[in-house]
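Enquirer: One structure, as structure tokens, below. Some questions next.
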Amino acid sequence: MPLAKPDIGYIPTPPEVVQAVLTLARLTQNDVLYDLGCGDGRVVIAASQEFSTRGVGIDIDSERIREARENAASAGVSSLVEFRQENLFESDLTQATVVFLYLLPHLNLKLRPRLFHQLKPGTRVVSHDFNMDDWKPEEILKVQTTEDESTLFSWVVGAVMPSTSLGDRAS
């Protein structure tokens with residue numbers, strides 16, 4: 001049963017960017033990586049393969065979730081990863097130690113209050129190509145791909161955070 005129509009179409013994260021995300025997030029075996037809008041699961045699967053990181057991929061599209069589960073099985077990491085067909089604006093994110101986003105700017109802003117409310121201090125957040133308005137990133141990394149250049153933004157929850165929640169502006 002479909003939950004809703006996705007807010008954006010599926011755009012796969014290039015392999016060079018996946019590797020840069022894993023490095024920028026400073027992943028360890030003790031992390032739990034949540035990929036919000038996970039698509040085919042490539043980010044959590046790569047993290048599990050390289051760092052034995054547990055991962056949770058959330059996507060509203062049932063076809064992407066099916067594909068992600070198949071990819072995890074093929075990669076031999078099904079015991080480390082879980083894929084959920086859910087609305088990321090309603091999902092429980094409290095177990096995450098790292099969150100990855102490849103969403104449009106208005107979706108990042110809509111999600112931001114939920115991140116501030118649910119994530120523990122010290123949780124790392126990495127966004128592909130889009131920032132979080134007045135929440136200034138701790139790091140910005142440019143990644144050259146075969147097609148173009150991508151930008152990664154990185155924050156730590158509990159570090160310097162904006163004083164407003166943007167809850168009303170992002171809706």
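Enquirer: Quick check on my filter: what residues within the stretch 31-56 are surrounded by fewer than 24 Cβ atoms within 10 Å (Cβ to Cβ) and part of a strand (DSSP E or B)?
Expert: Across the stretch 31-56, the qualifying residues are V32, R54, V56.
Enquirer: Of the conditions (1) under 23 Å from T151 (Cα atoms); (2) out of contact with any Phe, Trp or Tyr (no Cβ under 7 Å at 6 or more places or on another chain); (3) not aliphatic (A, V, I, L, M), P105 fails just one. Which one is it?
Expert: Going through (1) under 23 Å from T151 (Cα atoms); (2) out of contact with any Phe, Trp or Tyr (no Cβ under 7 Å at 6 or more places or on another chain); (3) not aliphatic (A, V, I, L, M) one by one, P105 breaks only (2).
Enquirer: Filter the stretch 1-49 for residues that are β-branched (V, I, T) and within 21 Å of S91 (Cα to Cα); which is modelled with the lowest pLDDT?
Expert: Per the stated criteria, the residue is I8.
Enquirer: In the stretch 98-113, which residues are touching a residue at least 40 places away in the same chain (Cβ under 8 Å) and either part of a helix (DSSP H, G or I) or of a type in the set (A, V, I, L, M) (or both)?
Expert: V98, V99, L101, L103, L104, H106, L107, L109, K110, L111, R112, P113
To keep it simple, each residue is scored yes or no on (1) within 23 Å of L152 (Cα to Cα); (2) modelled with pLDDT of 95 or more; (3) in a helix (DSSP H, G or I); (4) in contact with a strand residue (DSSP E or B) (Cβ under 9 Å, 6 or more places away or on another chain).
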site	(1), (2), (3), (4)
R69	no, yes, yes, yes
V77	no, yes, no, yes
L88	yes, no, no, yes
A96	yes, yes, no, yes
L115	yes, yes, yes, yes
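Enquirer: Further question: Which members of the stretch 131-155 meet the condition of being hydrophobic (A, V, I, L, M, F, W, C), buried (at least 17 other Cβ atoms within 10 Å of the Cβ) and modelled with pLDDT of 95 or more?
Expert: Result: V143, L152, F153, W155.
Enquirer: Separate question: Against the definition (buried (at least 24 other Cβ atoms within 10 Å of the Cβ) and closer than 25 Å to D134 by Cα), how does D59 come out, yes or no?
Expert: no
Enquirer: Taking the condition of being β-branched (V, I, T) and either on the phi > 0 side of the Ramachandran plot or not in a strand (DSSP E or B) (or both), how many residues in the stretch 117-145 meet it?
Expert: Residues meeting the conditions: 2.
Enquirer: Just the residues that are touching a strand residue (DSSP E or B) at 6+ places or on another chain (Cβ under 7 Å) and either farther than 15 Å from W135 by Cβ or among the small types (G, A, S) (or both), please, taken from the stretch 98-113.
Expert: V98, F100, Y102
Enquirer: Pull out all pairs, ordered by first then second residue, where Cβ-Cβ is under 7 Å, the residues are six or more apart or on different chains, the first lies in the stretch 76-95 and is surrounded by fewer than 16 Cβ atoms within 10 Å (Cβ to Cβ), and the second is part of a loop (DSSP other than H, G, I, E, B) and among the β-branched types (V, I, T).
Expert: N87/I60
The values are calculated or read from the model by the stated rules, or taken from the named source; none is laboratory data. Here the structure is a predicted model, which is why all the values come from computation and not from measurement. Because the Cβ atoms are built from the backbone with ideal geometry, glycine has one as well, and the counts that use them run over all protein chains shown.
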